[in-house]
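Beneath this line is the structure, given in structure tokens, with notes to follow.
The values are calculated or read from the model by the stated rules, or taken from the named source; none is laboratory data. All of these numbers come straight from a predicted model, not from anything done at the bench. When we count neighbours, we look across all protein chains shown, and the Cβ atoms used for this are built from the backbone with ideal geometry, even at glycine. In case anyone asks, the SASA skips ligands and DNA or RNA and just uses the protein heavy atoms, side chains included. Shrake-Rupley method; radii C 1.70, N 1.55, O 1.52, S 1.80 Å.
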Amino acid sequence: MNLPASPLTLEVIDLIGTMVSRFHDEYEAAAADHQLTGAQARLLALLSHGPLPMRRIAEQLKCEPSNVTGLVDRLEARTLVQRRPDPADRRVKLVAATDAGRRTADRLRSSLDFAREPLAALEEQERATLRNLLRRILA
């Protein structure tokens with residue numbers, strides 16, 4: 001049985017939705033400034049943490065593996081990513097960001113200003129509390 005949400009919960013949900021929308025808009029604009037689509041930028045951001053198999057990329061981006069193939073093809077043509085065999089299973093292809101791809105992902109991340117100023121206005125302890133609450137929500 002679903003209980004009705006409190007007015008505070010509804011307000012928090014609305015505020016989170018507004019933040020997500022603003023972040024998405026800025027992310028798309030920042031990607032375009034780097035001659036990338038939003039999906040290409042998200043792929044580079046994923047790969048900045050290390051190589052991933054194509055199937056895992058599709059799961060993370062919530063898209064079909066065939067879409068990942070096209071994204072990787074376009075980024076590979078720009079030498080931002082490369083395919084390589086997985087050392088643990090040579091039948092699996094890993095996709096890895098090149099040095100140029102990591103630099104592009106870093107520049108893109110650095111250009112996102114949406115939350116930087118509002119977060120800087122919070123005390124360090126407030127930012128840590130916000131981080132901890134978000135981690136709890138996402139767990």
Problem - Inter-residue pairs, beta-carbon under 6 Å, first closer than 14 Å to R103 by Cα and in segment 22-49, second open to solvent by 70 Å² or more (accessible area, probe 1.4 Å) and modelled with pLDDT of 90 or more, 6+ apart - result: L46/Q60; S48/R102
Exercise for the section: Being outside any loop (DSSP other than H, G, I, E, B) and open to solvent by 40 Å² or more (accessible area, probe 1.4 Å) is the filter here, so list the residues in segment 24-45 that pass it. Expected result: H24, D25, E26, E28, A29, A32, D33, R42
Handout entry: Subset of segment 60-81 that is of a type in the set (D, E) and at pLDDT 95 or above - its residue that is surrounded by the most Cβ atoms within 10 Å (Cβ to Cβ)
Key = E76
Handout entry: Flag if Q125 is more than 15 Å from the chain's Cα centre (by Cα) and in a strand (DSSP E or B)
Key = no
Fill in the blank from the handout: Subset of segment 47-83, residues among the basic types (K, R) and assigned to a loop (DSSP other than H, G, I, E, B), comes to K62, R78
Practice task
Assess whether R127 counts as being charged (D, E, K, R), without any contact (Cβ under 8 Å) to a residue 12 or more places away in the chain and in contact with a Leu (Cβ under 9 Å, 6 or more places away or on another chain).
Solution key: yes
Practice task
Output the number of the condition that G17 fails; it satisfies all remaining conditions of (1) open to solvent by 70 Å² or more (accessible area, probe 1.4 Å); (2) in a helix (DSSP H, G or I); (3) without any contact (Cβ under 8 Å) to a residue 24 or more places away in the chain.
Solution key: (1)
